[in-house]
Amino acid sequence: MPIYRYKALNARGELLDGQMEAASDADVAARLQEQGHLPVEARLASEAGGEPAWRALFKPKPFAGQRLVQFTQQLSTLLGAGQPLDRALGILLELPEDEVARRTIADIRESVRGGASLSAALERQHGAFGRLYVNMVRAGEAGGSLHDTLQRLADYLERSRALRARVINALVYPAILLTMVGLSLLFLLGYVVPQFAAMYDSLDADLPWFSQLVLGLGGFVRNWWLLILALPLVAVLGLDRKRRDPVFMRKFDGWLLQRKLAGALVAKLDTARLARTLGTLLRNGVPLLAALGIARNVLDNRVLAEDVDAAAEEVKNGIGLSAALARGKRFPRLALQMIQVGEESGALDAMLLKTADTFEQETSVAMDRLLAALVPAVTLLLALVVGAVILSVLSPIYDLTNVVG
């Protein structure tokens, strides 16, 4: 069985740090509870050691992704066990290995000790905790259910992180494949093809037009390969600059939504994010208008975010959420119908979360299908391009052989 490193609190509130052989982290937690301890953290010992120097370059921010989820879960666990907020933050202060994370938690604890609420202390951390996070904590404090709010928040963060990771992972392999295709063609045209061009020049052979085209392209690649390699970097820098232009990105997002396949996928993905965020906020007591103002920030597509802003104005005037979102005619009809059912039944928060589940599943299926079609298509394209290059280079040899024969 694997060995797990754990952190737990004993009956006197002291932090214990040790190792245990167990089948899973849940087994570790159960055995610690049987011993009268409060489990705080359990992870594989192989994951608890140091990390390679090269990986340190890609360390995440002190509170982002999985680290933010862990911080939220651990704080919820400690508060649920009856620990005061000051004591809970003091315990969490000893857990991070990152110095910046420690300083952040220490600053939060000092603010709380000074009389500030947890939400106010989080808001002072220079954007380390987003508006969604701070407002949900504030709603939990107002409702007297901070422990439950943090647990729901941790679940929301984990789901959002998993959805984003699924989308990124689906695009990794095609990106690698396209990169390898480009490098292979660059080598073929820049090194292999010029070898044949020199041979045909020495033979003074009469070549067909497509062979001349490929050989000319090979000569261009050989002479300008540094420029060709630099072009992707220039393109990335140019796109990054355009990405910072809100007018351009607004036009691009509108154009993307009008595409048949990509537009439907983007709409489903952002609908899932919007529904998950709204449902979580409403369940924690945040008013609908305030929730709409927060939730629009989780949308990647600017046109859909503008539709949410317009819907917020309609809701302010007494229009239902489903009808307000339908005005833009960009959100999926199924989502609007499910939201309408939630409004009519008085269970809008539950129906929004159900909508999020539905569209997250649809997005996952669509991404899997897209990936399943994209990889063979790119592979086939590579085979056709390489085959055409090889055929254009070798066919004159067969013609010369036939003439000599």
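All of the numbers you see were taken from the coordinates with simple rules; none came from a lab. Note that the structure is a prediction, hence the values are computed from the model and not measured. Neighbour counts are summed over all protein chains in view; Cβ atoms, including those assigned to glycine, are modelled from backbone coordinates with ideal geometry.
Using the beta-carbon distance between L178 and A23 and R0 = 30 Å, what value does 1/(1 + (r/R0)^6) give for FRET efficiency, to the nearest 0.05?
The calculated FRET efficiency here is 0.15.
Determine the relative contact order of the stretch 172-405: mean sequence separation of Cα pairs under 8 Å and six or more apart, normalised by residue count, in whole percent.
In percent, rounded to a whole number, it is 23.
Within the stretch 172-405, how many Lys pairs sit with Cα atoms under 21 Å apart, leaving out pairs fewer than 8 places apart on the same chain?
Within the stretch 172-405, the lysine pair count is 9.
Mind giving me the nanometre distance, one decimal, between the label points for V247 and R166, set 7 Å out from Cα along Cα→Cβ?
It is 3.9 nm.
Taking every pair of alpha-carbon atoms in the stretch 172-405, give the share separated by more than 34 Å as a whole percent. Provide the component values of the computation, followed by the final result.
Working: 11740 of 27261 pairs.
Roughly 43 percent, rounded to a whole number.
What are the DSSP H helices in the chain that stretch 30 Å or more along their long axis, judged by alpha-carbon atoms, and whose average Kyte-Doolittle hydropathy comes to at least 0.0?
What comes out of the filter, once short or polar helices are dropped, is 146-187, 209-243, 260-283, 348-404.
Give me the extension gain from A142 to R327: residue separation times 0.36 nm, minus the current Cα-Cα distance, reported in nm with one decimal.
Length gained, A142 through R327: 63.2 nm.
Three principal axis extents, largest first, for the C-alpha atoms of the chain, in Å?
95, 57, 36
Okay, which of the stretch 323-366 sit inside 17 Å, backbone N to the point 7 Å along the Cα-Cβ direction of Q258?
Backbone N within reach: 328-331.
Suppose the chain between A388 and R67 were pulled fully straight at 0.36 nm per residue; how much longer would it get relative to their current alpha carbon spacing?
110.6 nm
Quote to one decimal, in nm, the extra length available between A377 and D86 on full extension: 0.36 nm per residue of separation minus the C-alpha distance between them.
Working: separation 291, 0.36 × 291 = 104.76 nm, distance 5.70 nm.
In short, 99.1 nm is gained.
Would you please give the FRET efficiency between W225 and I397, computed as 1/(1 + (r/R0)^6) with r the Cβ-Cβ distance and R0 = 22 Å, to the nearest 0.05?
Efficiency for this residue pair is about 0.30.
Once both labels are modelled 7 Å past Cα along the beta-carbon direction, what's the E343-A106 spacing in nm?
Distance between label points: 5.1 nm.
Treating the stretch 314-405 as a set of equal point scatterers at the Cα positions, no solvent, please give the Debye-formula log₁₀ I(q)/I(0) at q = 0.12, 0.22 Å⁻¹.
-0.61, -1.05
Find the relative contact order for the chain and round it to a whole percent, using C-alpha pairs within less than 8 Å whose residues are 6+ positions apart.
Relative contact order of the chain: 12 percent.
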